[in-house]
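> Let me give you the structure first, and then I'll get to my questions.
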Amino acid sequence: MRPDLFQAPDYYNLDELLTDEHKMVRDAAREWVKREVSPIIEDYAQKAEFPKQIIKGLADIGAFGPYIPEEYGGAGLDQISYGLIMQEIERGDSGVRSTASVQSSLVMYPIWKYGTEEQRVKYLPKLASGEFMGCFGLTEPDHGSNPGGMITNFKDKGDHYLLNGAKMWISNAPFADIAVVWAKDEAGRIHGLIVERGMEGFTTPETHNKWSLRASATGELIFDNVKVPKENLLPNKSGLGAPLGCLDSARYGIAWGAIGAAMDCYDTALRYSQERIQFDKPIGATQLQQKKLAEMITEITKAQLLTWRLGVLRNEGKATTAQISMAKRNNVDMALTIARDARQMLGGMGITGEYSIMRHMMNLESVVTYEGTHDIHLLITGMDVTGFAAFK
Ligand code: TGC
Ligand code: FAD
């Protein structure tokens, strides 16, 4: 891959809306991505391997639990800093951002919000430092968009719970030390349980042959009569709303992350259009390529404004699930469209690993699917504005 020459677009001077702390956190993450991710990521994506050596660096830039209080090892930052970190990481690669999203919003968040003080103290500092890695098991082979139909279940056996079932498409599963698993009790109510690697009957086979998120490890979680200690149940929230609450936080981070992938594709295509000569002039001097670039920067700017405002609402505790849904859906679709157009602008070079665009494009096919598909987010907005749920 070529040297990383990334220059972040800021067409509406959005930096003026950021505090010094936001800019410091963002710039540290940007520098780290340039130094530690860009030089190696193409190689790891080609090998379909997660670069485990970056775990410590992710922890050092505050990517594991950015908004978790410092007393539990988190960075104690606000929601805009959290978003900016996700943006910078996904500028490098959506798979690396996935690892950070899962660790922060899908593992640390439920332990912090729904767990006991003992669970917080036991797990959060180790997750923040990267000593422990976690994963989140909600999706099942027969229940993806409709997680409420899950069949994974546990029975009360007096001194422990007995867990049975299977989860599929789980990011970080192949190497995670712990899994936050959503399962039904005997009354059919959903609860979160912390399952630790090494518990008898718990296995995590890796999912191979992905054309997307190749630098992120994905796998299954299989529970065959796993004895889970009673103190591993997250007691402070149950029902489908518990996992959906975690998704609010992760989807918000993805809305920012997608902007990072879009910025990288735009920046690469812009530079290429200024340098690539055809018919004796730069392709950037042609109207067709200018149309693509003008639309890209317009859409990136709109997404930046949408997401910054959402961050303000999150900081005030006022952002709704439907508002988060709209930003996730809009920004990922925006990034995917930009990646496809940018790839065409590079002609044949666009399909090679010399440039990051094709990798972003393939990664974004997962991002537009996970954490609620593009269709499901449209239906959430539809339900919000009409009052009618059209899922069922
Ligand atoms: P519905 O009847 O609407 O709601 C069930 C209960 O949940 C409550 N609720 C929420 N609570 C807190 N936060 C939210 N965001 C909530 N949304 C809903 C709701 O009030 C209700 O409570 P109660 O007390 O009345 O029972 O549920 P539904 O079954 O109709 O489903 C709605 C739907 C389709 C929107 C939901 O199931 C959904 O979002 N489906 C998409 C599934 C999804 O996003 N899965 C993601 C899996 S994790 C993942 O992909 C990680 S990838 C990570 C990475 O690598 O980065
Ligand atoms: P389905 O739900 O079967 O959907 C298939 C199609 O039907 C989609 O186009 C969908 O939009 C459409 N559809 C579904 N319902 C409706 C409806 N009511 N109306 C109209 N259209 C509908 N899950 C986890 O729990 N943890 C993870 O860490 C995780 N990581 C992932 C990593 C990757 C790389 C991928 C690809 C997925 C991951 N997922 C994870 C799973 C992800 O959340 C699901 O793939 C997603 O929710 C969609 O579920 P599904 O694949 O079963 O598709």
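> (1) of a type in the set (K, R); (2) touching a Lys or Arg at 6+ places or on another chain (Cβ under 7 Å); (3) not in a helix (DSSP H, G or I): which one isn't true of K328, the others all being true?
(3)
> In the list E21, E88, E71, E42, which residue meets the criterion of being within 18 Å of the chain's Cα centre (by Cα) and either open to solvent by less than 20 Å² (accessible area, probe 1.4 Å) or assigned by TED's automatic domain parsing to the domain that holds E117 (or both)?
On the way: E21 fails: within 18 Å of the chain's Cα centre (by Cα); E71 fails: within 18 Å of the chain's Cα centre (by Cα); E42 fails: within 18 Å of the chain's Cα centre (by Cα).
Selected residue: E88, the only one of E21, E88, E71, E42 that is within 18 Å of the chain's Cα centre (by Cα) and either open to solvent by less than 20 Å² (accessible area, probe 1.4 Å) or assigned by TED's automatic domain parsing to the domain that holds E117 (or both).
> Suppose we filter A303, A327, A339 for residues that are within 16 Å of ligand 1 (Cβ to nearest atom) and assigned by TED's automatic domain parsing to the domain that holds G257; which single one remains? First the steps, then the outcome.
Working: A303 fails: within 16 Å of ligand 1 (Cβ to nearest atom); A339 fails: within 16 Å of ligand 1 (Cβ to nearest atom).
A327 is the lone residue from the list that is within 16 Å of ligand 1 (Cβ to nearest atom) and assigned by TED's automatic domain parsing to the domain that holds G257.
> OK, next. Hey, does region 334-344 have a residue that's away from ligand 2 (no atom under 16 Å from the Cβ), farther than 30 Å from G137 by Cβ and open to solvent by less than 30 Å² (accessible area, probe 1.4 Å)? Walk me through it before giving the result.
Restricting attention to region 334-344, the residues satisfying the condition of being away from ligand 2 (no atom under 16 Å from the Cβ) are 334, 337-344.
Among the residues that remain, those that are also farther than 30 Å from G137 by Cβ are: 337-338, 340-344.
Still in the running and open to solvent by less than 30 Å² (accessible area, probe 1.4 Å): 338, 342.
Yes, the conditions are met somewhere in region 334-344.
> Restricting attention to region 345-374, and to residues there that are near ligand 1 (Cβ under 10 Å from one of its atoms) and at negative phi, which single residue is least open to solvent (accessible area, probe 1.4 Å)? Write out each step before concluding.
Filtering region 345-374 for residues near ligand 1 (Cβ under 10 Å from one of its atoms) gives 366-367, 369-373.
Going one step further and asking which of them are at negative phi, we end up with 366-367, 369-370, 373.
Working: S366: 30, V367: 0, T369: 79, Y370: 51, T373: 35 Å².
Top of the filtered list is V367.
> Within the bounds of region 158-168, is there any residue that is within 16 Å of ligand 1 (Cβ to nearest atom), charged (D, E, K, R) and surrounded by fewer than 22 Cβ atoms within 10 Å (Cβ to Cβ)? Break it down into steps so the answer makes sense when it comes.
We begin by selecting, within region 158-168, every residue within 16 Å of ligand 1 (Cβ to nearest atom); these are 165-168.
Now drop any that are not charged (D, E, K, R), which leaves 167.
Now restrict to residues that are surrounded by fewer than 22 Cβ atoms within 10 Å (Cβ to Cβ): none.
Checked against the condition, which is being within 16 Å of ligand 1 (Cβ to nearest atom), charged (D, E, K, R) and surrounded by fewer than 22 Cβ atoms within 10 Å (Cβ to Cβ), region 158-168 yields no hits at all.
> Give the number of residues within region 82-127 that are farther than 28 Å from A262 by Cα and more than 15 Å from ligand 1 (Cβ to nearest atom).
Of the residues in region 82-127, the ones farther than 28 Å from A262 by Cα are 110-127.
Filter once more, so that each one left must be more than 15 Å from ligand 1 (Cβ to nearest atom): 111-112, 115-127.
Qualifying residue count, region 82-127: 15.
> Here is a follow-up. Please determine whether any residue of region 68-78 is within 16 Å of ligand 2 (Cβ to nearest atom), farther than 22 Å from A262 by Cβ and of a type in the set (V, I, T). Please lay out each step first, then the result.
Taking region 68-78 and keeping what is within 16 Å of ligand 2 (Cβ to nearest atom), we get none.
There is no residue in region 68-78 that is within 16 Å of ligand 2 (Cβ to nearest atom), farther than 22 Å from A262 by Cβ and of a type in the set (V, I, T).
> Across region 114-142, which residue is nearest to V96 (Cα to Cα) among those that are near ligand 2 (Cβ under 7 Å from one of its atoms) and either in contact with a Gly (Cβ under 8 Å, 6 or more places away or on another chain) or not aromatic (F, W, Y) (or both)?
From region 114-142, those near ligand 2 (Cβ under 7 Å from one of its atoms) are 135-139; that's our starting set.
Adding the requirement that they be either in contact with a Gly (Cβ under 8 Å, 6 or more places away or on another chain) or not aromatic (F, W, Y) (or both) leaves 135, 137-139.
On the way: C135: 14, G137: 18, L138: 20, T139: 20 Å.
Across region 114-142, the extreme among qualifying residues is C135.
> Of the residues L138, L162, which is over 14 Å from E371 (Cα atoms) and in contact (Cβ under 8 Å) with a residue 24 or more places away in the chain?
Numbers: L138 fails: over 14 Å from E371 (Cα atoms).
L162 is the lone residue from the list that is over 14 Å from E371 (Cα atoms) and in contact (Cβ under 8 Å) with a residue 24 or more places away in the chain.
> If you don't mind, another one. Can you go through A389, A339 and tell me which one is outside any helix (DSSP H, G or I) and on the phi < 0 side of the Ramachandran plot?
Details: A339 fails: outside any helix (DSSP H, G or I).
On inspection, the qualifying residue turns out to be A389.
The values are calculated or read from the model by the stated rules, or taken from the named source; none is laboratory data. Keep in mind that this is a model prediction, so the values were computed, not measured. When we count neighbours, we look across all protein chains shown, and the Cβ atoms used for this are built from the backbone with ideal geometry, even at glycine. Note: accessible area is taken over every heavy atom of the protein model, side chains too, but ligands, DNA and RNA are not part of it. Shrake-Rupley method; radii C 1.70, N 1.55, O 1.52, S 1.80 Å.
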